[in-house]
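Heads up: the structure comes next, in structure tokens.
Just so you know, all these numbers are worked out from the coordinates, no wet-lab data involved. The model shown is predicted, which means the values in this text are computed figures rather than measured ones. Quick reminder, even Gly has a Cβ in these numbers, built from the backbone with ideal geometry, and neighbours come from all protein chains shown.
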Amino acid sequence: MSEPVLSPPSPGESAPKKKSLVRELTEGLLTAFVIAAFLKLFVIQAFRIPSGSMIPTLLVGDQILVSKLSYGVKNPFHDRYLFRTGHPHRGDVVVFKWPKDETKDFIKRVIGIPGDRIQIVKKKLYVNGVLQSEPYTQSIDPGTTTEIPRDNFETVVPPHSYFVMGDNRDDSYDSRFWGFVKSRKIVGRAILIYWSWNKNQDSIRMSRLGRIIH
């Protein structure tokens, strides 16, 4: 069978009316908005780093992409998974709804998964009794203190929860101070730095663009 060939209308046929420019632009913008909203709700979302709690991994002014599909697909209206594709691992950098105020998004590194025994002894981290190697962290205060849980701490991670900490260990407000993150409150895993602006120097940090977040 031969393929049908498109041809212009014969003189006796009326040509289809062209859409107005305004209508075409409106339809295009609406389609783009729907696609962007879908991607933001279910696939990927951009965030800006406002504080130094994740230095040196993430700097103030970094803008990152967060995968919402790393651990499954959630209903965005009640934070429950429709189906799972995995679970956070120790070392994952995740964005989550802060337990003290869920209108705020925090970013930290997963240190403990359900059932883990977490110990911090004079700033050294032990998970299930094993001293952890953490080349991605920094400590800006050479001293230690026993007055707050920053440098000495112990807990066991409950079911369906995670213990998270910032890489800038002496200047991070994290699970040591306010507790655990519920699994369903994790928004996604940070995967890429797509833009970085150094406000102090009014310049782009070119070397950080496209950097994978580990």
(request) Choose one answer from Phe77, Phe47, Phe96: the residue with the largest mean-square fluctuation in a GNM of the chain with alpha-carbon springs under 10 Å. (result) Phe77
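Only counting other Cβ atoms within 10 Å, I'd like Ile49, Ile140 sorted with the fewest neighbours first.
Ascending number of Cβ neighbours within 10 Å: Ile140, Ile49.
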(message) Using Cα springs under 10 Å in a Gaussian network model of the chain, which residue among Gly28, Gly188, Gly129 shows the largest mean-square fluctuation?
(response) Gly28
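Fully extended, how many nm does the chain gain between Val121 and Leu21 (0.36 nm per residue separation, minus their Cα-Cα distance)?
29.3 nm
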(request) Answer rounded, prolate or oblate for region 74-115, using the Cα gyration tensor with square roots of eigenvalues a ≥ b ≥ c: rounded when a/c is under 1.5, else prolate when a/b is larger than b/c, else oblate. (result) oblate
(message) For region 47-212, what is the number of Lys pairs with C-alpha distance below 19 angstrom, counting only pairs 8 or more positions apart or on separate chains?
(response) 21
(request) Give the longest segment of the chain that steers clear of trypsin sites (Lys or Arg not before Pro) in DSSP loops with at most 16 neighbouring Cβ atoms within 10 Å, not counting the sites themselves. (result) 123-198
(message) How much length would be gained if the chain were fully extended between Asp202 and Asp141, taking 0.36 nm per residue of separation minus their Cα-Cα distance, in nm to one decimal?
(response) 19.1 nm
(request) Would you compute, from DSSP H runs of 4+ residues alone, the mean residue ellipticity of the chain at 222 nm, taking -39500 (n - 2.57) per run and dividing by the full residue count, rounded to the nearest 500? (result) -3000 deg cm²/dmol
(request) For the chain, would you read off the P(r) tail past 33 Å as a percentage of all alpha carbon pairs? (result) 32
(message) Compute a Gaussian network model of the chain, connecting alpha carbons closer than 10 Å, and tell me which residue from Asn152, Asn75, Asn200 fluctuates the most.
(response) Asn200
(message) Please report the net charge: other residues with Cβ closer than 15 Å to the Cβ of Pro158, K and R +1, D and E -1.
(response) +2
